[in-house]
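Quick notes on the structure that follows.
The values are calculated or read from the model by the stated rules, or taken from the named source; none is laboratory data. As the structure is a computational prediction, the values presented were derived from the model and not from experiment. So basically every Cβ, Gly included, is an ideal-geometry build from the backbone, and we count neighbours across all protein chains shown. All accessible areas refer to the heavy atoms of the entire protein, side chains included, with ligands and DNA or RNA removed. Shrake-Rupley method; radii C 1.70, N 1.55, O 1.52, S 1.80 Å.
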Amino acid sequence: MKVVTSIKEMQQHIKTLKLEGKTVGFVPTMGFLHEGHLTLMNKARSENDVLAVSIFVNPLQFGPNEDFDSYPRDFERDSKLAENNGVDILFHPSTEDMYPTKMSLTANVHSRIDVLCGRQRNGHFDGVATVLIKLFNILQPDRAYFGLKDAQQVAVVDGLISDFNFPIKLVPVEIVREEDGLAKSSRNVNLTDKERAEAPRLYESLQMAKTAIEDGQRNPRVVEELIMNHITKHTSGAIDYVEIYSYPALDELSELTGKIIIAIAVKFTKVRLIDNITFDVKEIF
Ligand code: AMP
């Protein structure tokens, strides 16, 4: 595995690989790797000649009161995990390298951001899109792998790739969970023991919602209420949002029909957790 910290060196290496006709699969991450990341990597590994992973905690996508400083970091551990999971290139640039000066030009996402995390985290997706434009240009992947845990991010990246004509195939990957249902996340280590014990209730509330829909409930407001009650009753977290939309368009629904996403965000003491499920209501009998 080649660990690269310099952007210039990364560009030179990619140029050589491209000249050799190699395909590059890319998994962008913020590190503190877990099985969710490893699943993305395994898929990328199997579909490309070269597997490139980036580890960069991107300051642009964190709001002033968010967890940029406390975001877990352990490069040594990550690089061992990456090496053991068949990563060919581990790109780990410094913040100074990525943003040597204040950017003179940044991305401004217009669509699909007035809902879910976009509404709660002002400017978050602008920061995500800006860093991805840089990373896509530096690594020139043929395929880029993103987890559906961040379903809205997948929708935003889809728009970014098509609007800016990146010759990249977006590959969405299913959510990987702990045995108790909690969606794997680097941030889970910042839960207190009590909060960690409560956290599976989030997925449980999503499953309850799905059961209610299976039983015939078609009113999204009633389903949202059900989820909120379950989370309020069983956790100490503060609900940021519980929302249901069509997926992937993220349009408002007055009645549940077609493919939908049920998404939640809950704030605990030091960490805000997100989770979602997507399914087709038509397929439920
Ligand atoms: P992050 O390091 O949290 O920015 O995540 C990097 C990539 O891994 C993103 O595309 C995430 O959606 C994806 N990811 C994170 N957690 C999971 C998970 N539990 N299951 C599937 N993908 C995930």
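Summary table
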quantity	calculated
Meets criteria (closer than 28 Å to E96 by Cβ and either away from the ligand (no atom under 11 Å from the Cβ) or among the aliphatic types (A, V, I, L, M) (or both)) for D69	yes
Qualifying residue in segment 180-191 (condition: away from the ligand (no atom under 14 Å from the Cβ) and at pLDDT 95 or above)	yes
Qualifying residue in segment 163-186 (condition: touching a strand residue (DSSP E or B) at 6+ places or on another chain (Cβ under 6 Å), charged (D, E, K, R) and more than 26 Å from V266 (Cβ to Cβ))	yes
Residue within segment 33-41 that is buried (at least 19 other Cβ atoms within 10 Å of the Cβ) and more than 14 Å from the ligand (Cβ to nearest atom) present	no
From G127, G159, residue being of a type outside the set (A, V, I, L, M) and within 13 Å of the ligand (Cβ to nearest atom)	G127
Breaking point among (1) within 16 Å of the ligand (Cβ to nearest atom); (2) in contact with a Phe, Trp or Tyr (Cβ under 9 Å, 6 or more places away or on another chain); (3) under 23 Å from V171 (Cβ atoms), for R45	(2)
Test: residue in segment 125-145 that is surrounded by fewer than 16 Cβ atoms within 10 Å (Cβ to Cβ), modelled with pLDDT under 95 and of a type in the set (S, T, N, Q)	no
Considering residues of segment 150-173 that are open to solvent by 50 Å² or more (accessible area, probe 1.4 Å) and without any contact (Cβ under 8 Å) to a residue 60 or more places away in the chain only, the residue farthest from V115 (Cα to Cα)	P167
Qualifying residue in segment 7-25 (condition: within 16 Å of the ligand (Cβ to nearest atom) and under 14 Å from the mean Cα position of the chain (by Cα))	no
Unique match (being under 20 Å from M10 (Cα atoms) and either open to solvent by 20 Å² or more (accessible area, probe 1.4 Å) or not small (G, A, S) (or both)) among D78, D69, D74	D78
